Amino acid sequence: MSAETDIASAIGQCVSALAGVLGLGFIGWQIRAARKSSDLQALQAFLKDAKDHDAAILNGITLEAKEQAFIEFLNFMEIYSTAVNDKLFAKSSRKMAVDKLVDSIVVIAESSAWHGRFEAAITSATTFSELRRFMARYRKRIESVRASRLAIANAD
């Protein structure tokens, strides 16, 4: 009788262990799915914010409205530079955020009016510190995009 009890107990433990492993696999799958959903939501929020800030600059009625929208755009860039610098985005979202930030930096650098306003917005050593950190980290990519834009402009 004790051998039968031991076998039944061993089978019960095996079934219990298998259920635990399957449960952990399911939990892992749920975490991965939630992370992907969260990444998609972060990316959608980033793209919406970028679109809204671009539109505010383009649709500003007065010069003051455009300048205020530009300052808000710089603050947007600072926030997302922080997110990129501190790796708060997942890989795919980070790539899109980097691309948008790099493109925006190049456009600002190429526009003497906006570049001047950017410089005027820097009021202390800590103003746009994350954006400066981002620019230092992605300097080669910024220079590459700038060179590509220049080549395209010269080809026309």
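The values are calculated or read from the model by the stated rules, or taken from the named source; none is laboratory data. Bear in mind that the values here come from a model prediction, so they are computed numbers and not experimental data. All Cβ positions, even for glycine, are placed from backbone atoms using ideal geometry, and neighbour counts span all protein chains on display.
Brief remarks follow.
- In segment 119-145, of all residues being assigned to a helix (DSSP H, G or I) and modelled with pLDDT under 90, the one that is nearest to I105 (Cα to Cα) corresponds to E119.
- Among the residues of segment 99-148, those that are surrounded by 15 or more Cβ atoms within 10 Å (Cβ to Cβ) and of a type in the set (K, R) comprise K100, R117, R132, R133, R141, R146.
- Residue, farthest from S93 (Cα to Cα), within segment 37-55, restricted to residues that are hydrophobic (A, V, I, L, M, F, W, C) and either surrounded by 13 or more Cβ atoms within 10 Å (Cβ to Cβ) or modelled with pLDDT of 90 or more (or both): A50
- Residue in segment 134-154 that is within 19 Å of A69 (Cβ to Cβ) and free of Cβ contacts under 8 Å to residues at least 12 places away in the same chain present: no
- For segment 56-70, the tally of residues that are exposed (fewer than 15 other Cβ atoms within 10 Å of the Cβ) and assigned to a helix (DSSP H, G or I) stands at 6.
- When I122 is tested against (1) of a type in the set (V, I, T); (2) closer than 29 Å to A153 by Cα; (3) without any contact (Cβ under 8 Å) to a residue 12 or more places away in the chain, exactly one condition is not met: (2).
- Members of segment 43-60 found to be over 13 Å from I71 (Cα atoms) and among the charged types (D, E, K, R), listed by number: K48, D49, K51, D52
- All positions within segment 74-95 that are among the aliphatic types (A, V, I, L, M) and modelled with pLDDT of 90 or more: L74, M77, I79, A83, V84
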